[in-house]
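All remarks here apply to the structure that follows.
Derivation of every value follows stated rules applied to the coordinates shown; laboratory data play no part. Quantities reported herein were computed from a predicted structural model and do not represent experimental measurements. Quick reminder, even Gly has a Cβ in these numbers, built from the backbone with ideal geometry, and neighbours come from all protein chains shown.
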Amino acid sequence: MPNNKKTIFSGVTPSGNLHIGNYFGAIKQWVEMQNAGEYQNIFCVVDEHAITTLQEPAKLRSKILEVFTLYLALGLDPEKSIIFVQSSVSEHSELNWILSTITPVGELERMTQFKDKSQKQKSILAGLLNYPVLQAADILLYHTNTVPVGEDQLQHIELTRAIAKKFNNAFGQIFPLPEPFINKEAKRIMGLDDPAKKMSKSAENSNNYIALLDSPEIIREKIKSAVTDSGSEIKYDAENKPAISNLLLIYSLFSKKPISELEKEYAGKNYSVLKHDLAEVIIEGLSPVQKKYQELSANPDYIKKVLRQGAAKAKAIASQTMTEVRSKIGFLELSV
Ligand code: AQP
């Protein structure tokens, strides 16, 4: 991999079913950036993040494989990108510890995601609080320049920059300051059951999201039961008609038709007509990905091979960074 290219790094947590928000908000950009060939591309299944909320081990294992296989089905290419699972590269945890020693607890407590998710834990776990430090470690280990993410992750990237600056100032320049890259058109897809909140894979109600692997029947049901706004006009107005605006956005992303064209097409029609057509557009859009996913899943040896290759390539970069970090902070340099 040529090392004069800028690096992009990003990941998804295997804490539930990957949904269309994860795809349009993040993974679609990864594939486009990978195919543009301008970057060193590194994409990770961030399973160590998943365990900040309780996971049943067998289910976690199958979700890790599912997300990894979906990455490939969606177009990530092991010949063009390093694709790996976080827990197979132990340097992530090691850098996490070191960075946690320079991160103020107050900074972590003001993270919006922590505030939201800690409300769901009876006794708040340290791992949930430290989640953004591990995320900073993930990003900084690879000297990342650009992090393609959805809007909800901006605060974490800002914290990563602050941690990197602090480390560089204290111990000497190692880390570039990473920039977020947001797809403005799909920065936040909202929940189908509550357009005031983002679509989320850990939502209690699975009608909140369309999973990439949902069957046509489930997609039709979920879109049918999606909440709508009062009135009947089909018009994009995120403030006053958040539910219909979200459905129009999803429609536009799948059909590649501008929202203004959809507004004209559906002028004077009922919400039910829009919903019917939207479900079909989603089913058609997801069908090739689901087919590819089934093909890949039927070949576990290939998946294992790609998993191993990705881990080895990521490890080679991460271990070099850790040698540098250990030396900068004053640990002994023993080769044992
Ligand atoms: N609703 C969304 N709209 C646009 N982008 C989104 N992303 C997540 N939800 C939306 C982006 O997807 C990437 C992976 O997200 P993650 O797995 O790291 O966790 P998350 O952001 O917390 O996503 P979820 O689905 O809500 O997961 P849970 O419920 O487990 O927390 C990120 O780039 C994110 O911005």
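Put a dot 7 Å past each Cα toward the Cβ at Ser215 and Ala238; how far apart are the dots in nm?
3.6 nm
At Ser319 and Glu109, where each label point lies 7 Å from the Cα along Cα→Cβ, what is the point-to-point distance in nanometres?
4.0 nm
As a test, work out the antiparallel percent of DSSP beta bridges whose residues both lie in the chain, rounded to the nearest 5.
On the way: 3 of 19 bridges.
Once the DSSP bridges in the chain are tallied, antiparallel ones form about 15 percent.
What ratio of Cα Rg to 2.2 N^0.38 Å holds for segment 59-125?
1.51
Mean residue ellipticity at 222 nm from the helices of the chain, using -39,500 (n - 2.57) per DSSP H segment of n ≥ 4 over the full residue count, to the nearest 500 deg cm²/dmol? It would help to have the intermediate numbers written out before the result.
Numbers: 13 runs with 172 residues, N = 336.
Helices in the chain give a 222 nm mean residue ellipticity of -16500 deg cm²/dmol.
Would you tally the net charge around Gly25, using a Cβ to Cβ cut-off of less than 15 Å, leaving Gly25 out, and scoring K and R as +1, D and E as -1? Before the final figure, lay out each step's value.
Numbers: positive: Lys28, Lys184, Lys187, Arg188, Lys197, Lys198, Lys201; negative: Glu32, Glu151, Asp152, Glu185.
Within the 15 Å Cβ shell, the charges total +3.
Using a/c under 1.5 as the rounded threshold, could you call segment 276-334 rounded, prolate or oblate? The axes a ≥ b ≥ c are square roots of the C-alpha gyration tensor eigenvalues, and prolate needs a/b larger than b/c, oblate otherwise. Each step should come with its number before you reach the end.
On the way: a/c = 7.90, a/b = 2.51, b/c = 3.15.
Oblate, because a/c is 1.5 or more while a/b does not exceed b/c.
Could you let me know the centre-to-centre spacing of segment 73-149 and segment 232-285, using Cα atoms, in angstrom?
Result: 35 Å between the Cα centres.
Kirkwood Rh and Cα-based Rg: tell me the resulting Rg over Rh for segment 1-150, rounded to two decimals. Don't skip to the answer; put the middle values down first.
Details: Rg = 15.5 Å, Rh = 16.1 Å.
We get a ratio of 0.96 for segment 1-150.
Compute the length gained on full extension between Asp116 and Leu177: take 0.36 nm times their separation in residues and subtract their Cα-Cα distance, giving the result in nm to one decimal.
Values: separation 61, 0.36 × 61 = 21.96 nm, distance 2.69 nm.
So the chain would gain 19.3 nm between Asp116 and Leu177.
Just going by the charge dipole of the chain, with Lys and Arg at +1 and Asp and Glu at -1 on Cβ, which of Ser90, Ala243, Thr112 is farthest out on the positive end?
Most positive-ward Cα: Ser90.
Find which of Leu307, Phe331, Leu296 sits farthest along the positive direction of the dipole of segment 296-336, computed with +1 on the beta-carbon of Lys and Arg, -1 on that of Asp and Glu, about the Cα centre.
Leu296
Any idea what the dipole of the chain comes to, in debye rounded to 20, about its Cα centre with Lys/Arg Cβ at +1 and Asp/Glu Cβ at -1?
On the way: 40 positive and 39 negative charges, 85 e Å.
Computed about the Cα centre, the dipole is about 400 debye.
If I require 20 Å or longer along the helix axis, counting alpha carbons, and a Kyte-Doolittle average no lower than -0.5, what helices from the chain are left? Use full DSSP H segments.
On the way: long enough: 57-73 (24 Å, 0.59); 126-140 (21 Å, 1.03); 154-171 (26 Å, -0.14); 271-297 (37 Å, -0.16); 300-329 (42 Å, -0.41).
Correct list, ordered by number: 57-73, 126-140, 154-171, 271-297, 300-329.
Given Val149, Val45, Leu128, which one lies farthest toward the positive end of the charge dipole of segment 21-166, if we put +1 on the Cβ of every Lys and Arg and -1 on the Cβ of every Asp and Glu?
In segment 21-166, that residue is Leu128.
Taking other Cβ within 10 Å of each residue's Cβ, how do Leu154, Leu262 sort, fewest first?
Arranged by neighbour count, lowest to highest, Leu154, Leu262 become Leu154, Leu262.
Under a plain spin-label model, where a point goes 7 Å from the Cα along Cα-to-Cβ, how far apart in nm are Arg326 and Glu295?
The modelled label-to-label distance comes out at 4.4 nm.
Could you pull the Rg and Dmax for segment 89-229, using just the Cα atoms, both in Å?
17.9, 56
Can you work out the PRE-style zone for Ser123? Point 7 Å along Cα to Cβ, and I want the residues of segment 27-59 with backbone N under 13 Å.
Taking a point 7 Å out along Cα→Cβ of Ser123, no residue of segment 27-59 has its backbone N under 13 Å.
Within 12 Å, Cβ to Cβ, of Ala136, how many net charges do the neighbouring residues add up to if Lys/Arg are +1 and Asp/Glu are -1?
Working: positive: Arg161, Lys165, Lys166; negative: Glu107, Asp138, Glu158.
Neighbour charge sum, excluding Ala136 itself: 0.
Find out how many positive minus negative residues lie around Asp237, taking Lys and Arg as positive, Asp and Glu as negative, among other residues whose Cβ is under 12 Å from that of Asp237. Present the calculation step by step, with values, prior to reporting the outcome.
Working: positive: Lys235, Lys241; negative: Asp229, Glu233, Glu239, Glu263.
Every neighbour counted, the sum reads -2.
Suppose we keep just the alpha-carbon trace of segment 182-314; what are its Rg and Dmax in angstrom?
Values for segment 182-314 (Cα only, Rg and Dmax): 17.4, 57 Å.
Contour minus end-to-end for Gln155 and Lys305, with contour as 0.36 nm per residue of separation and end-to-end as the Cα-Cα distance? The partial results should precede the final answer.
Values: separation 150, 0.36 × 150 = 54.00 nm, distance 3.53 nm.
Taking Gln155 through Lys305 to full extension adds about 50.5 nm, to one decimal.
When the Cα centres of segment 6-33 and segment 180-216 are compared, how far apart do they sit, in Å?
After rounding, the separation between the Cα centres reads 13 Å.
Taking amide hydrogens as modeled 1.01 Å from N in the peptide plane, which residues meet the under 5 Å criterion relative to Met190, leaving out close sequence neighbours?
Met199
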